[in-house]
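The values are calculated or read from the model by the stated rules, or taken from the named source; none is laboratory data. On a predicted model such as this, the values are computed, not experimentally measured, just so you know. Cβ placement follows ideal geometry from the backbone for every residue including glycine, while neighbour counts extend to all protein chains displayed. When the accessible area is computed, the model is the full protein with side chains, heavy atoms only, and any ligands, DNA or RNA have been set aside. Shrake-Rupley method; radii C 1.70, N 1.55, O 1.52, S 1.80 Å.
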Amino acid sequence: MPEIDLSAQKAAVRNVLASSGIRPALALLNDRTQYRYTAIYKLSGDALRAEHVFDRSSEYRTWLKAVPLDKSFCRHAIEQGEFTTSHVSKDTSLVSYRPYVGLVESYHGRLLTRDCGTPYGTFIHFDLEPRTIDAEEIAFLQHVTPMFLDYLG
């Protein structure tokens, strides 16, 4: 099996961002996973607001637009730099998130931080179904998600 050229993959994300914008770049990263949604949420006071969302099924839902920070999985990504859960309804550490069962069942998020160190928000993959993400994909996201900050207002 040939080794994957990570620099070429990073360049592909950079090129899509530069030529087509954020949503097509989210679609590109979404295509690398099984998750239905890939998004960027902006931290706005005590809430997170969807700035850019790619829905593989093209059925964007209004419940995705804003989430209270204290009830958000993104809170953990902001606090820890990264957070993943593959099966919310079976994750005993997330008992307080039971209201999200049926809405979000799997989540992977990364903190997006501006050069000055100020948190912008999060880059996330999530789904209504249980999903997992490979360690190699997580490592790849560590390299490419900071690129989005150059295109965010």
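Accessible surface for residue 72 stands near 10 Å², nearest 10, in the context of the full protein assembly shown (1.4 Å probe).
Estimated translational diffusion coefficient (Stokes-Einstein, Kirkwood radius over Cα pairs, 10 °C, 1.306 mPa s) of the stretch 73-153: 119 µm² per second. A straight Cα-to-Cα reach below 27 Å connects residue 10 with the lysines 42, residues fewer than 8 places away in its own chain not being considered.
For the stretch 1-57, the percent of C-alpha pairs falling in each 10 Å distance bin, counted from 0 to the bin holding the largest distance, reads 22, 41, 29, 7, 1. Once both labels are positioned 7 Å from their Cα atoms along Cα-to-Cβ, the gap between residue 142 and residue 91 label points is 1.9 nm.
Between residue 114 and residue 7, full extension at 0.36 nm per residue minus the direct alpha carbon distance yields a gain of 36.3 nm. Here the relative contact order of the chain, from alpha carbon pairs under 8 Å that lie six or more residues apart, stands at 23 percent. For the chain, a crude dipole built from +1 on the beta carbon of Lys and Arg and -1 on the beta carbon of Asp and Glu, taken about the Cα centre, is about 460 debye to the nearest 20. A straight chain from residue 49 to residue 71 at 0.36 nm per residue would run longer than the Cα-Cα distance by 6.6 nm. Charged neighbours of residue 127, selected by a Cβ distance under 11 Å, balance to 0 (K, R count +1; D, E count -1).
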